Amino acid sequence: MIYCMSNIYGNFLSYSTLLRMINFCEDDTLYVLGDVVDYGDENMRVLLDMMKRPNVIPILGEHDFMAYHSLNWLYYGDHNDEREMEKYENWLASGGAATVFEFRELSRNDKDAALSYLGQFSLYREISVNGRDFVLIHKAPRVFSPEKPLSSYSRDDILSGNTDYEKVYFPDKYLVTGHTPTREIFAKSDGLTIDTVFVRNNHIATACGGKFDQLLSAICLDTFEDYYA
């Protein structure tokens, strides 16, 4: 089975609960659509667990990139660089404080491995499941054009984008995203506060709940069955 989840934010309990709920095994594949770290209190535990699973495929979110950039600077960089210090402080203020605290507690080998892993996150994946095509990405690219191949967008194009869930981006594919809490999507489209996976207009939006009252979700792309923890 093929599954997607997003916006884990260091919530190891919900992440591990969902893996048990779906009976995740080596024959399955899980795509994590960005924002693995920040805000929560077990960010490195989630990251190190994902690293050990070759069938968990990470997609880059802006929090993952901020963590990768700032932790590399913290670990290897010139600490007199004022621009990098400003970026680091902005990241701390955006949920990174818990992540950097946990990172400092890791062994040197685990620090190296975690940074290497964060640096390997994909910008997007395109897959087919049971005859249906999917684009898996953290959010839609900035200044999107259906005629423009995804490979031509830069990292900044994607991480600075914002998905319009009332717009059909691909008439023949599902756009599967994280980032935007589904309660915001339902509030805009239906005037309701609903924390469930949003499936409409060739979109599948997976980021349920909020940063501090998070309901983590997973959806099976084979069956469209959804799960919550």
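Throughout, read-outs are computed from the coordinates displayed, never taken from laboratory work. Bear in mind the structure is a predicted one, so any value in this text is a computation, not a measurement. We place every Cβ from the backbone using ideal geometry, glycine too, and count neighbours over all the protein chains shown.
Let's see how each residue does on (1) touching a residue at least 24 places away in the same chain (Cβ under 8 Å); (2) small (Gly, Ala, Ser):
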site: SER152; (1), (2): no, yes
site: GLY161; (1), (2): no, yes
site: VAL168; (1), (2): yes, no
site: ASP172; (1), (2): yes, no
site: VAL176; (1), (2): yes, no
site: ARG183; (1), (2): yes, no
site: LYS188; (1), (2): no, no
site: VAL197; (1), (2): yes, no
site: ASN202; (1), (2): yes, no
Q: May I ask you to list the residues in the stretch 10-34 that are assigned to a helix (DSSP H, G or I), without any contact (Cβ under 8 Å) to a residue 60 or more places away in the chain and touching a helix residue (DSSP H, G or I) at 6+ places or on another chain (Cβ under 8 Å)?
A: PHE12, SER16
Q: Please enumerate the residues belonging to the stretch 186-205 that are farther than 18 Å from TYR228 by Cα and within 17 Å of the chain's Cα centre (by Cα).
A: HIS203
**Q.** Residue satisfying all of: in the stretch 35-91; of a type in the set (Phe, Trp, Tyr) and in a helix (DSSP H, G or I); surrounded by the fewest Cβ atoms within 10 Å (Cβ to Cβ) among these
**A.** TYR76
Q: Considering only residues that are without any contact (Cβ under 8 Å) to a residue 40 or more places away in the chain and of a type outside the set (S, T, N, Q), look in the stretch 127-146 and name the one that is farthest from ASN162 (Cα to Cα).
A: GLY131
(Q) So if I check each of ASP133, ASP156, which one is of a type outside the set (Val, Ile, Thr) and more than 30 Å from MET1 (Cβ to Cβ)? (A) ASP156
Q) For the subset of the stretch 142-174 comprising residues that are assigned to a loop (DSSP other than H, G, I, E, B) and β-branched (Val, Ile, Thr), which member is farthest from LEU60 (Cα to Cα)? A) VAL168
